[in-house]
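Here's the structure, in structure tokens; my notes come after.
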């Protein structure tokens, strides 16, 4: 039992730790200290749902309609390009945002983000990313089913636990970056990095693959 959980935890963690659009969004919300727990919960619960779907055999069903992944791929690329454009505009224009290092701080000069737009963005970054399906539904689902009828669910539980541990650690641990983000220039650099990475991910989604 524990070996199945450990195997699921290690593989799940190795797949989600890589920097991507979802992780960058969680990072930014954690730094801003806005709706942090809600964002981490959406990411972790979404992963859990997709892992369960993969273990249940949905991955095999999606293999029968490969065109569905292509639709998600294009939609995800367009969304990421739009988000990259917004981040690039913040990086170029700035806004006088600096982080006031207090337990409940957010960038000075900026309006607090409303919960619903933040959650919708988080959902889009999660569910419009085809890599999420490839990693959780196909890969984790396939590996889990190699552990037998009973072992696969322990494996899935370990993978879901890895997602919870990662996203909450990422969201809550970013408060230690407060000193570094105490200037407007630092925020512009962060947004510039976000813009470049998200644009690169968007291009990779539609770039021809061998």
Self-check item: 70, 34 arranged by Cβ crowding within 10 Å, fewest neighbours leading
Solution: 70, 34
Practice problem: Obtain the nm distance between the two label points defined at residue 119 and residue 93 by a simple spin-label model: each point lies 7 Å from its Cα along the Cα-to-C-beta direction. | Solution: 2.8 nm
Self-check item: Sorted by Cβ neighbour density within 10 Å, fewest at the top, the residues 93, 73
Solution: 93, 73
Quiz prompt | In range of the label at residue 146: residues from the stretch 17-58 whose backbone nitrogen is under 20 Å from the point 7 Å along Cα→Cβ | solution = 17, 51-58
Quiz item: If R0 is 30 Å, what FRET efficiency do you get for residue 70 and residue 14 from their C-beta distance, rounded to 0.05?
Solution: 0.70
Quiz prompt | Residues 121, 183, 126 arranged by fewest to most Cβ contacts within 10 Å | solution = 183, 121, 126
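FYI, it's all coordinate maths here, none of it is from the lab. Note that this is a predicted model, so its numbers are computed, not measured. Backbone-built Cβ (ideal geometry, glycine too); neighbour counts: all protein chains shown.
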